[in-house]
Amino acid sequence: MGSNLGGGFEALISKLVTLKGLIHGELILPGEAGYDEGRRVWNGMIDRHRAAILYCVDEHDVVAAVRFARENGLTIAIRGGGHNVAGFGTCDGGLVVDLSRMKKIEVDPEAMVARVQPGLTWAEFDKATQKHGLATTGGLVSTTGISGLTLGGGVGWLVRKYGMTIDNLIGAEVVTASGEKIRASETENQDLFWALRGGGGNFGVVTLFEFRLHRVGPQVFGGPLFYPIGRASEVLRTYIRWASSLPDELTSLVVFLTAPPAPFIPAELQGTKMIAIATCYTGSLRDGENLIEPLRGLKPAVDLAGPTPYVGLQSMFDATAPRGINAYWRSLYLKQLDEPAVARLVDCASNFKSPFSQIHIHQLGGAVSRVSSKDTAFPHRESQYLMNIVGLWMEPSQAEGVIQWVKTTWTSLAPHSTGGEYANFMGEPIERVKAIYGDNYQRLVEIKRKYDPHNLFHINQNIKPV
Ligand SMILES: Cc1cc2nc3c(=O)[nH]c(=O)nc-3n(C[C@H](O)[C@H](O)[C@H](O)COP(=O)(O)OP(=O)(O)OC[C@H]3O[C@@H](n4cnc5c(N)ncnc54)[C@H](O)[C@@H]3O)c2cc1C
């Protein structure tokens with residue numbers, strides 16, 4: 001521990017003790033109760049030893065933390081839900097600013113707006129908004145934090161109808177690197193507002209998000225249909241034709257997976273490789289049923305599609321991604337799902353190196369592509385499919401095989417991709433950050449220079465101010 005921090009460790013700790021007296025929340029130092037538990041993030045593979053964790057309870061604590069880190073030249077990591085696969089919610093030797101205790105949410109059902117503190121998970125957000133029959137685009141696993149997911153873009157079941165999460169962000173309150181509290185919206189600090197929508201945690205600590213809400217549910221039509229992997233090419237051929245003519249109300253997701261030992265999977269299929277097509281339709285339940293007829297015509301081995309609570313769909317995948325599982329992911333945007341791409345995909349999916357690993361293909365288009373690639377920092381508006389190569393494993397001995405499988409799959413599909421990658425699905429920091437920010441990169445550098453010239457916020461897919 002001390003070796004991570006060098007000789008100034010004791011001096012740093014005594015300064016951190018003074019920080020304890022300045023905050024309303026809780027500061028936990030090495031050796032204190034809660035330090036080891038607080039070191040953990042969602043990805044079990046991430047094992048970092050920070051100097052302290054500050055559980056903020058309000059904006060005042062965030063300002064104190066930012067000023068302290070800046071004045072003492074201390075690395076600072078901002079943590080919302082802690083789900084970042086690359087482990088950007090923690091760091092070695094620095095100060096973790098944990099926002100998970102800032103969980104207030106105000107829903108204005110008339111204005112259809114939610115004002116949300118950064119520590120909420122999507123489960124908590126959906127619970128509060130669905131009370132009013134409202135929702136906005138969130139993630140597919142309900143334990144994920146709203147903060148990191150929003151700042152990186154945000155894709156989920158409502159993405160084709162209502163756009164990405166950032167397309168529903170209408171304002172934010174931010175503590176900048178200088179410790180100043182400012183607002184960002186279409187009318188205040190517009191440059192910052194533009195950068196927050198896809199530029200990640202590079203520009204400051206967001207202490208409040210304001211989201212536009214929509215009428216959704218409480219029942220929607222959706223759920224997965226499963227087919228044996230041996231039929232994947234045939235299923236995907238039908239899927240591609242079907243998906244190209246869907247209304248925006250329907251968002252679909254292709255999942256390659258190993259069938260879990262769950263009661264809804266017949267015993268003879270458990271542990272076998274399968275392809276699933278999952279859907280969410282936000283129009284009438286009857287229309288939803290009619291729309292998936294071509295998928296049912298393929299005679300799925302397991303059919304779980306039907307009327308379902310929206311919050312049920314939002315947590316349907318929770319069991320596949322428990323906290324503490326080891327993870328390494330890579331992503332790419334597919335130009336199109338043509339025959340050669342499908343052949344490579346099926347080949348890679350047949351070679352999973354652990355039963356938890358999956359490949360997801362998120363259908364985009366609809367409202368995502370109606371926003372120009374210059375209107376927010378997120379540039380990949382034209383792509384119809386986002387592929388996430390989800391390496392997950394429990395046994396440490398499987399690490400090397402799974403990570404290699406993710407890399408090989410990525411390389412194999414790269415010729416079919418646009419060259420871009422999705423900030424939120426990156427398993428490690430990448431040098432090629434331009435692949436994430438595309439043609440918006442230079443403008444992001446300029447905004448970074450204005451709001452964080454010394455790169456205080458660098459534990460992220462980092463945009464360097466020079
Ligand atoms: C199981 C699982 C399912 C997922 N499903 C989806 C999905 O359906 N759709 C999707 O788009 N993504 C999804 N993701 C990816 C997810 O969006 C990213 O992992 C995201 O970073 C998680 O946000 P977080 O707040 O939980 O993470 P954290 O690790 O807490 O933070 C992630 C990054 O955001 C920064 N950050 C966090 N909060 C703030 C803040 N308030 N102000 C400034 N910076 C901040 C952090 O510094 C860090 O760089 C999923 C991830 C997991 C692990």
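Return the loop-located GluC sites (Glu not before Pro) in region 100-150 (DSSP other than H, G, I, E, B) with at most 15 other Cβ atoms within 10 Å of their own Cβ; answer none if there are none.
Working: sites: Glu106, Glu110, Glu124; in loops: Glu110.
Here the sparse-neighbourhood loop sites are Glu110.
Amide H of Thr75: which non-local residues (sequence gap of 5 or more, or other chain) have their own amide H closer than 5 Å, using H built in the peptide plane?
So Thr75 has HN proximity to Leu95.
Could you point to the residue in Pro355, His380, Ile447 farthest towards the positive end of region 337-466's charge dipole, with +1 and -1 charges on the Cβ of Lys/Arg and Asp/Glu respectively?
In region 337-466, that residue is Ile447.
Need one word for region 2-98: rounded, prolate or oblate. Basis is the Cα gyration tensor (sqrt eigenvalues a ≥ b ≥ c); a/c below 1.5 gives rounded, then a/b vs b/c decides. It would help to have the intermediate numbers written out before the result.
Numbers: a/c = 1.61, a/b = 1.18, b/c = 1.37.
Oblate.
Hey, what number do you get for the chain at 222 nm if only DSSP H runs of n ≥ 4 count, each worth -39500 (n - 2.57), divided across all residues, to the nearest 500?
Values: 16 runs with 130 residues, N = 466.
When only DSSP H runs of four or more count, the value is -7500 deg cm²/dmol.
For the pair Ser373 and Glu106, what calculated FRET efficiency results from E = 1/(1 + (r/R0)^6), where r is the Cβ-Cβ distance and R0 = 35 Å, to the nearest 0.05?
For R0 = 35 Å, the calculated efficiency reads 0.60.
Under the classification rounded if a/c is under 1.5, otherwise prolate if a/b is larger than b/c and oblate if not, where does region 417-461 fall, given a ≥ b ≥ c as square roots of the Cα gyration tensor eigenvalues? List each step's numbers first, then the result.
Numbers: a/c = 3.09, a/b = 1.47, b/c = 2.10.
Here region 417-461 falls in the oblate category.
So if I place +1 on the C-beta of Lys and Arg and -1 on the C-beta of Asp and Glu, and nothing else carries charge, what would the dipole magnitude of region 219-425 be about its Cα centre? I want it in debye, nearest 20.
Values: 16 positive and 17 negative charges, 53 e Å.
Dipole size: approximately 260 debye.
Which lysines have a Cα lying under 26 Å from the Cα of Lys299, excluding residues fewer than 8 positions away in the same chain?
Hits, sequence-local ones excluded: Lys273.
What is the extension gain from Ser178 to Asp92, computed as 0.36 nm multiplied by their sequence separation minus the C-alpha to C-alpha distance, in nm to one decimal? If you can, show how the numbers build up before the last one.
Numbers: separation 86, 0.36 × 86 = 30.96 nm, distance 2.26 nm.
Additional length available on full extension: 28.7 nm.
Mind checking region 362-466 for GluC sites (Glu not before Pro) that DSSP puts in a loop (not H, G, I, E or B) and that have at most 16 other Cβ atoms within 10 Å? Can you show the working numbers first?
On the way: sites: Glu382, Glu400, Glu421, Glu431, Glu446; in loops: Glu382, Glu421, Glu431.
In loop regions of region 362-466 (DSSP not H, G, I, E or B), the sparsely surrounded GluC sites (Glu not before Pro) are Glu382, Glu431.
Express the carbon and sulfur contribution to the solvent-accessible surface of the chain as a percent, rounded to the nearest whole number, probe 1.4 angstrom.
Values: 9380 of 17770 Å².
Of all accessible area on the chain, carbon and sulfur atoms account for 53 percent.
Enter the Cα centre distance for the pair region 96-143 and region 304-331, rounded to the nearest angstrom.
18
Amide H of Val113: which non-local residues (sequence gap of 5 or more, or other chain) have their own amide H closer than 5 Å, using H built in the peptide plane?
When sequence neighbours closer than 5 places are left aside, the close amide H contacts are Asp108, Leu213.
Using θ = phi - 60° and the Karplus form 6.51 cos²θ - 1.76 cosθ + 1.60, what ³J(HN,Hα) does each residue of region 376-392 get, whole Hz, x for Gly and Pro?
9, 5, 7, x, 8, 7, 7, 5, 8, 9, 10, 9, 10, 8, 9, x, 9
Taking the Cα centre of region 234-359 as the origin and placing charges on Cβ (Lys, Arg +1; Asp, Glu -1), which of Thr251, Leu304, Gly324 is farthest toward the positive end of the dipole?
Working it through, the farthest residue towards the positive pole turns out to be Gly324.
Karplus couplings for region 242-252 from phi (6.51 cos²θ - 1.76 cosθ + 1.60, θ = phi - 60°), rounded to Hz, Gly and Pro as x?
4, 5, 6, 10, 7, x, 4, 5, 10, 10, 10
Spin-label point model (7 Å from Cα, Cβ direction): what's the Glu268 to Glu234 distance in nm?
1.6
Considering amide H positions built from the backbone, and no H for Pro or chain starts, which residues 5 or more places from Tyr385, or on another chain, come under 5 Å of its amide H?
Here Leu334, Leu364 satisfy the definition.
Less than 12 Å Cβ to Cβ from Leu158, Lys/Arg counted +1 and Asp/Glu -1: what total charge do the surrounding residues give? Write down the numbers at each step before the final one.
Working: positive: Arg160, Lys161, Arg212, Arg215; negative: Asp126, Asp167, Asp248, Glu249.
Result for the neighbourhood of Leu158: 0.
For region 351-358, what does the Karplus curve 6.51 cos²θ - 1.76 cosθ + 1.60, with θ = phi - 60°, yield as ³J(HN,Hα) per residue in whole Hz, taken in order and with x for Gly and Pro?
With the stated coefficients, region 351-358 comes to 10, 3, 9, 7, x, 7, 5, 8 Hz.
Which links in Lys161/Lys335; Lys335/Lys434; Lys103/Lys450; Lys374/Lys434; Lys407/Lys434; Lys104/Lys434 stretch past 25 Å when you go from one Cα to the other?
Details: Lys161/Lys335 21 Å; Lys335/Lys434 18 Å; Lys103/Lys450 29 Å; Lys374/Lys434 15 Å; Lys407/Lys434 19 Å; Lys104/Lys434 35 Å.
Exceeds cut-off: Lys103/Lys450; Lys104/Lys434.
The values are calculated or read from the model by the stated rules, or taken from the named source; none is laboratory data. Please read these numbers as outputs of a predicted model, since none were measured by experiment. Don't worry about glycine lacking a Cβ; one is built from the backbone with ideal geometry, like all the others, and counts go over all protein chains shown. Only protein heavy atoms, including side chains, enter the accessible area calculation; ligands, DNA and RNA are left aside. Shrake-Rupley method; radii C 1.70, N 1.55, O 1.52, S 1.80 Å.
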